[in-house]
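Heads up, the thing below is written out as C-alpha cells.
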Amino acid sequence: MAAISQHEYGLLFLNLIHILPLSTMLSKPTFFAFIIVAFEALFILQQWRHPIFHFLLLPYFFFAIKTYFLKSKQPRPVYLVDFSCYKPPSKCKVPFSSFIHHASMIEAFDTESVEFMAKTLVSSGLSQETYLPPALHCIPPETHHRESINEAQMVLFPVMDELLSKTKLSPHDIDILIVNCSGFCPSPSLSSIIINKYSMKSDIKSYNLSGMGCSAGTIGVDLAQNLLKTHENKTAIVLSTEILSTGWYSGHEKPKLILNCVFRMGGAGILLSNKKQAENTSKYKLIHSLRTQRAYDDTAYYAVYREEDSRGILGVTFNKDLLQAVSETLRSHITLLGSQILPFTEQFFHVISILRKKLIDKSAEIYTPSFKTVVQHFCLPSSGKPLIREVAKGLNLNGRDIEPALMTLHRFGNQSSSSWWYELGYMEGKGRVKKGDKIWVLGLGTGIKCCSLVLECLRPIVEDDKKSPWK
C-alpha cells in the first residue's frame, strides 16, 4: 500500500480533531478506545510499521480497559427522593397539666413519682403541644398488644400514604421495605403489616429492625443504601417510628420514669432510589455514611437498658453515666468521620495541635476541626436539651446550628428514630437548605451506637407541602 499524501494526512488529522466533541457524548473508556483505533488506523495508512509506534498506544489501551471495568463495578449513586413526617391529630395533645393530672389519678404512681415527672417535664425542653397515643390518654393507660398495633397503624399508614402521594408512586413500585421500631416487635412483623395493607408485590425485600434505639432511623437508611448498591434500578422505603403504648412504665423507679416524660408520638417515611431518572427528581443525594458503636464497653452498653424493676415491672433505665458514654462514643465516631470528609487543612491543624500539646506545651488547647467547612446544616439527636448542647459544644456549633434540634424537641418531643426528618423538614420550611448544601444527619441510639449520613441537596427546595408538620 502506497503512503498517503501530505494533503490526505492533513485531512485525516483534521478529522481526528473534529471527533473530539464526541468526548461529551461518549463515556471516557469508549472515547479512549475510539481514539486508539483511529491512531492505529493512521499508523497503518502511513505504513509506520515500526513496533515502537504500536507499543506507544498500549498504555492508553490498558488505561481504557481499566477505566471501563472500574466504572462498570462502581455502584450507582443513591438518592433520597423525598420524605414525609407524621403530624398526630390535635386530640392527642398532652399539655403538662393534663399529663400531671392523669398521672396523679393512676394508682401505680405514688406522690413522689408524680412530682419527679412534673419536674422532669418542666426542665425537658418540651412544649405544651406534644402528643401521646390515644391508649396513653386512658386511665389507667392501655398497654395491651392490640393497642400497640393500633398505634403502629395510626402512625405508619398516613406516613406511607403521604410519601407515595408526594412521589407519585404506587406500592407495586417499591422493591425494598425497611421498618424500624425499637420497643415493639409483633409477629407478623411491622413490615408485614405494611405489605399486607398495601398489597405490595411478592418479591419485595422486607426488613424489620428492632432494639436499635433512636439511631434506628439512620441505620435503616444506611441499610437501604447498602442494598441499593448491590441491586440495580431499585426503589426503597424506610419507615421509622416508636410505639409508646408498649413502652409506658407504671412503676416508682425514677430512672425509668424519664421515658414517660420526654418520648412522644412521631413517624417518618423516606424514599430512596438508585434509578437514573431519580437524579432529576430527588431532593438529596446520599454521599457518605458511617456506623460505629461501643456495645463492647459495659458503661456504654448499660447506659440505656431495658429491664424489670424490683417489682417485676418492665421499663427502660437511663443511667447516670449516659452523658459520659455518649461523649466517648461521639468522640471516636466524629474523629473517624472527620478523617473521611474534612479537608486536609482542618485535619493538619488538629494533628499539629495534638503534637504541640504532647511535646511542647501541655497547657495548650487542642484545635477542634470545623465541620462547617464541609457541612452547612446539622440534624442532631433531639433526645434532650443537655445532650443537644453537649454535642453542640463538642462540634463548636452555634445557636442557629442547633435550632432545628431544639425546636423539634420543643414542638414534638423526643420522637426517637424519626426526629431527624422533622429537623430536616424544619430547615426546609425555613428556606435554609440551598442547592449544593451538605446536611449531616447524626444518629445516636442505645448500645451506644452512632450512624452518620451526609446528604447533598440537588435542587432548590420549595416547601409547599400542606401536610408538613411545620405548616
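Details
- Only residues that are open to solvent by less than 50 Å² (accessible area, probe 1.4 Å) and over 9 Å from S245 (Cβ atoms) were counted across the range 139-155, and they come to 4.
- Count of the range 307-353 residues which are of a type in the set (G, A, S) and within 30 Å of E253 (Cβ to Cβ): 5
- Checking E328 against (1) acidic (D, E); (2) at pLDDT below 90; (3) crowded, with 18+ Cβ neighbours inside 10 Å, the condition it does not meet: (3)
- Criterion violated by S189 - all others in (1) of a type outside the set (V, I, T); (2) closer than 30 Å to F99 by Cα; (3) under 23 Å from the mean Cα position of the chain (by Cα) satisfied: (2)
- Scanning the range 232-266 for residues that are open to solvent by less than 10 Å² (accessible area, probe 1.4 Å), polar (S, T, N, Q) and farther than 30 Å from K201 by Cα yields S245, N260.
- In summary, G247 fulfils each of the numbered conditions (1) over 28 Å from R331 (Cβ atoms); (2) modelled with pLDDT of 90 or more; (3) in contact with a Phe, Trp or Tyr (Cβ under 8 Å, 6 or more places away or on another chain) with the single exception of condition (2).
- Scanning the range 300-315 turns up at least one residue that is surrounded by 14 or more Cβ atoms within 10 Å (Cβ to Cβ), of a type in the set (F, W, Y) and over 30 Å from P88 (Cα atoms).
- Long-range neighbours under 9 Å by Cβ, at least six apart or interchain, first residue outside the structural domain of A135 (by the TED database) within the range 246-260, second assigned to a loop (DSSP other than H, G, I, E, B) and open to solvent by 10 Å² or more (accessible area, probe 1.4 Å): none
- Lone qualifier among F349, F371 - being at pLDDT below 90, open to solvent by 60 Å² or more (accessible area, probe 1.4 Å) and among the aromatic types (F, W, Y): F349
- Residue match in the range 386-409 (condition: touching a Cys at 6+ places or on another chain (Cβ under 9 Å) and not β-branched (V, I, T)): yes
- Filter result for A295 (open to solvent by less than 30 Å² (accessible area, probe 1.4 Å) and among the small types (G, A, S)): no
- When each of K201, K229 is tested for being assigned by the TED database to the domain that holds K276, assigned to a helix (DSSP H, G or I), open to solvent by 40 Å² or more (accessible area, probe 1.4 Å) and farther than 27 Å from M117 by Cα, the lone residue that passes is K229.
- Looking only at the range 421-449, and only at residues there that are in a loop (DSSP other than H, G, I, E, B) and of a type in the set (G, A, S), the one that is nearest to Y301 (Cα to Cα): G447
- All of A278, A303 fail the test of being small (G, A, S), within 25 Å of K385 (Cα to Cα) and either modelled with pLDDT of 90 or more or within 24 Å of the chain's Cα centre (by Cα) (or both), apart from A303.
Yes/no matrix, rows are residues, columns are (1) modelled with pLDDT of 95 or more; (2) in a helix (DSSP H, G or I):
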residue: M117; (1), (2): no, yes
residue: P141; (1), (2): no, no
residue: R146; (1), (2): no, yes
residue: L156; (1), (2): yes, yes
residue: M160; (1), (2): yes, yes
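- Test: residue in the range 267-279 that is assigned to a loop (DSSP other than H, G, I, E, B) and farther than 27 Å from K234 by Cβ: no
- Taken over the range 74-109, the criterion of being within 14 Å of P140 (Cα to Cα), open to solvent by 60 Å² or more (accessible area, probe 1.4 Å) and of a type outside the set (S, T, Y) is satisfied by H101, M105, E107.
- Where S452 falls short, out of the listed (1) assigned to a strand (DSSP E or B); (2) among the polar types (S, T, N, Q); (3) open to solvent by 10 Å² or more (accessible area, probe 1.4 Å): (3)
- Among the residues of this structure, S165 counts as one that is open to solvent by 10 Å² or more (accessible area, probe 1.4 Å) and among the small types (G, A, S).
- With respect to being crowded, with 20+ Cβ neighbours inside 10 Å, polar (S, T, N, Q) and either assigned to a helix (DSSP H, G or I) or modelled with pLDDT of 95 or more (or both), S215 fits the description.
- Residues in the range 182-198 that are in a loop (DSSP other than H, G, I, E, B), out of contact with any helix residue (DSSP H, G or I) (no Cβ under 6 Å at 6 or more places or on another chain) and buried (at least 19 other Cβ atoms within 10 Å of the Cβ): G183 alone.
The values are calculated or read from the model by the stated rules, or taken from the named source; none is laboratory data. From a predicted model like this one, the values you see are computed outputs, not experimental measurements. When we count neighbours, we look across all protein chains shown, and the Cβ atoms used for this are built from the backbone with ideal geometry, even at glycine. Ligands, DNA and RNA are stripped out before the accessible areas are found, and what is left, the full protein with its side chains, is counted by its heavy atoms. Shrake-Rupley method; radii C 1.70, N 1.55, O 1.52, S 1.80 Å.
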